[in-house]
1. Under the condition of being acidic (Asp, Glu) and assigned to a helix (DSSP H, G or I), which residue from segment 81-113 is farthest from residue 210 (Cα to Cα)?
2. Does segment 55-67 contain at least one residue that is aromatic (Phe, Trp, Tyr), out of contact with any Gly (no Cβ under 9 Å at 6 or more places or on another chain), at pLDDT below 80 and not in a loop (DSSP other than H, G, I, E, B)?
3. Criterion first (in contact (Cβ under 8 Å) with a residue 60 or more places away in the chain, surrounded by fewer than 17 Cβ atoms within 10 Å (Cβ to Cβ) and not in a helix (DSSP H, G or I)) does residue 168 satisfy it?
4. Of all residues in segment 123-155, which are in contact (Cβ under 8 Å) with a residue 24 or more places away in the chain, farther than 17 Å from residue 197 by Cβ and not in a loop (DSSP other than H, G, I, E, B)?
5. Taking the criterion of being of a type in the set (S, T, N, Q) and in contact with a Pro (Cβ under 9 Å, 6 or more places away or on another chain), would at least one residue in segment 189-205 satisfy it?
6. Hey, among 135, 196, which residue is at pLDDT 95 or above, among the polar types (S, T, N, Q) and within 17 Å of the chain's Cα centre (by Cα)?
7. Could you list all residues from segment 97-121 that are surrounded by fewer than 17 Cβ atoms within 10 Å (Cβ to Cβ), aliphatic (A, V, I, L, M) and modelled with pLDDT of 95 or more?
8. Please determine, by comparing only the residues of segment 94-116 that are out of contact with any strand residue (DSSP E or B) (no Cβ under 7 Å at 6 or more places or on another chain) and touching a residue at least 24 places away in the same chain (Cβ under 8 Å), which one is nearest to residue 178 (Cα to Cα).
Amino acid sequence: MISISGIDCCGKSTQIELLCEELKSKGRKCEVVWSRGGYTPGIQVVKGIFRKEKNVSKEERIKFSEEVNGSPIKRKLLFIASLMDLWLYYSLVLRLKEIFGKTVICDRYIWDTYIDFKLKYPEYDFEHGFWWRLTLKTMLKPNPSIVMFIPAEESMRRSGLKDEPFPEPIDVRRKRIEMYDFLAGRNVWQWRIEATNTIDKVFDDIRKACI
């Protein structure tokens, strides 16, 4: 399993697409998995049940989120459910995919979720809790694990080109980058790649890490 981490618009999707093509050319099966705590398949089913409708608009999703976050009890229950589903997905589901002969490529992984949770749920000391520690122990370990870096200003510029509907403010992106940099200093990823280089140069760096 390969994981590629980094802030929005750092080029993960482009590089993952190139990596899949490279692996397939060598006869390997691959599956790309987008994963983020709070958005794993199980928790999405739970959210869908509470919304009561399968196809809801962005406005309705925002309203649902505001209702949940406006209630301390609902907020905590949803957060605990997110942690439990994260364990299930990273420890069991991804492992099954690999057992069936696929090279799993994760677009974001555990430490991206760590940053998400620290920013979204600052009131919870989740990293010392049961479900987070269990997930770290039992999750499928990526090899290699890669993190891509670009400046916040470049992330904003690319976001504007993509016309993203809900772009994060630049100050939040800067905070994310600080957290990625801190974690990279603790060697939670095996490879750190500067993604401001050309697409070909970045992919060459990723190829060296993966192939």
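The values are calculated or read from the model by the stated rules, or taken from the named source; none is laboratory data. Here the structure is a predicted model, which means the values were calculated and not measured. Note that we place each Cβ from the backbone using ideal geometry, even for glycine, and neighbour counts take in every protein chain shown.
1. 85
2. Yes, there is a match, as at least one residue in segment 55-67 is aromatic (Phe, Trp, Tyr), out of contact with any Gly (no Cβ under 9 Å at 6 or more places or on another chain), at pLDDT below 80 and not in a loop (DSSP other than H, G, I, E, B).
3. no
4. 126, 131, 132, 134, 135, 136, 138, 145, 152
5. Within segment 189-205, one or more residues are of a type in the set (S, T, N, Q) and in contact with a Pro (Cβ under 9 Å, 6 or more places away or on another chain).
6. Among 135, 196, only 135 is at pLDDT 95 or above, among the polar types (S, T, N, Q) and within 17 Å of the chain's Cα centre (by Cα).
7. Within segment 97-121, just 119 meets the criteria.
8. So the residue we want is 115.
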